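Inspection log for the structure reproduced underneath, given as structure tokens.
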Amino acid sequence: MAPSERRVHERHTVSALDWLDEARLKYGPGVSLIDLSVGGAQIETQGHRLHPGSTLVIELAGRHGDFAIPARVIRCHVSQIIPHPTFRGALEFKRPFAFPGEGRTASPLALDANPAHEHARLTATLRRLAALETNGSPSAQLTTVSEGSLSAALAILDSPAGRRAGNQFANELGRLFKVITRALEGDGPTDLVGDLAERLRRIVPARSIRLLDGVAMSTPHSTDAMKFEVPSSSGTPRALLVEFPRGYRLEEWHRQFLKAASHLVTFANDLNEARRPAAEPPSPRTDSDSDNRAGWHRLVVRYNDGRMLKGFGRDFFPAKGQVHVWPRPDAPPQSRISVQLTHLKAVFFVHDFAGATGVEMQPPSANSGRIVDVTFIDGEILGGRTLTYSAEGPGFFMTPTDGTSNNQRIFVVNNAVRSVQFP
């Protein structure tokens, strides 16, 4: 079955497969099933990488019996590192899988999270919280932006494209409404924007989903990425950037779901701003005070594919497998961009974003470690000194030997290195 034919089949998330108890690889570990169709499946494995082009057998166990389905691995990428390395793979079945129960090749998807009902419940919750306000706080009041974003998300359901997207789109959108309602009722996540992004990552086969703000808005356009504007009542320009594995083709219901979800991210982000206490307004900043805030560092993050991201960071712990980048030291938490180290070549801690100035900044020390020459997979060679080199782990730090270098120190990602030499 060609990949183009495989995509025409409706995909069913685990919540729609009430007959399924367990999914596992034959002679291998258990897996987390993301979705299942007649022609294939998406799965996630912890610590077990799937090799594209290889053949395996996935076993599905449920109340109707066990099913062993031969499949070919189409693609695989790292979906997360913390708390465990997790790989997401797409499988193409070697023969169509007949869904059990009623002798059909596809079962209807029940609307267990009706979006119209969940939208009404969310609106009622907002009205109730607003009525309880006694101190004039706007924390439960809808701004024009947030009210419009909720209406826009629901309106996509009634559009021609939304109707074509089917019940799966409606179901997942209803669940997002439910997440927001639970958060407002005090029974949900405090980082609502982050939780919405994580749920999108679980539903859509994205490599990364992040909210861009400030200097991060300059991230270059890619044919493997989609960007959605996220308006704000404060006027701060933001965008939701969704990056996909190279060459991946989205299903139509995924596109409509992302459009609707971007409106809900707008709502959550605007709600966070409205809830910020009046005693903590964003302080006016100048280049001198914000760029030298204690504990913050200017970062230039370089991707394996040549892209570059500039911003500010603090508390960088490579063992966690990611680096966090803010557009400025006083930026709100939801503007943070978390980048997995597996996507990076190196992280540069710099004196200035403009580049080297030719002025002596940090005289090299004779006792600052072993001299090292690093050759990256793309052919670039970087020289310096290191005290922490190890071929194991995510990478190592090095410092430049040139005292006029704009780089204070560099974290080299081991996966991007071809060779290391000690002259």
Single residue of the stretch 254-263 satisfying the filter (hydrophobic (A, V, I, L, M, F, W, C) and within 16 Å of the chain's Cα centre (by Cα)) that is nearest to S146 (Cα to Cα): A261
Checked the stretch 300-340 for anything among the hydrophobic types (A, V, I, L, M, F, W, C), buried (at least 20 other Cβ atoms within 10 Å of the Cβ) and either modelled with pLDDT of 90 or more or farther than 18 Å from S79 by Cα (or both); matches are V301, L309, F312, V325, W326, A331
Of the residues in the stretch 46-98, those that are in contact (Cβ under 8 Å) with a residue 60 or more places away in the chain and of a type in the set (S, T, N, Q) number 2
Just to be sure before I move on: is R385 touching a strand residue (DSSP E or B) at 6+ places or on another chain (Cβ under 9 Å), at pLDDT 90 or above and over 24 Å from G311 (Cα atoms) in the structure I sent? yes
Can you confirm whether the stretch 143-153 contains a residue that is modelled with pLDDT under 50, of a type outside the set (D, E, K, R) and part of a loop (DSSP other than H, G, I, E, B)? no
Would you say R163 is in a helix (DSSP H, G or I), surrounded by fewer than 16 Cβ atoms within 10 Å (Cβ to Cβ), at pLDDT 75 or above and basic (K, R)? yes
Residue list for the stretch 345-368, filter: among the small types (G, A, S) and at pLDDT below 80: A354, G355, A356, G358, S365, A366, S368
Checking the structure you have, find out if any residue of the stretch 101-114 is outside the structural domain of G166 (by TED's automatic domain parsing), within 25 Å of V57 (Cβ to Cβ) and modelled with pLDDT of 75 or more. no
Name every residue in the stretch 29-56 that is among the small types (G, A, S) and either in a loop (DSSP other than H, G, I, E, B) or over 18 Å from P70 (Cβ atoms) (or both), in order of residue number. G30, S32, S37, G39, G47, G53, S54
Quick one: in the stretch 4-28, which of the residues that are under 25 Å from the mean Cα position of the chain (by Cα) and exposed (fewer than 15 other Cβ atoms within 10 Å of the Cβ) is modelled with the lowest pLDDT? S15
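The values are calculated or read from the model by the stated rules, or taken from the named source; none is laboratory data. Everything quoted here is computed from the prediction, not taken from an experiment. Quick reminder, even Gly has a Cβ in these numbers, built from the backbone with ideal geometry, and neighbours come from all protein chains shown.
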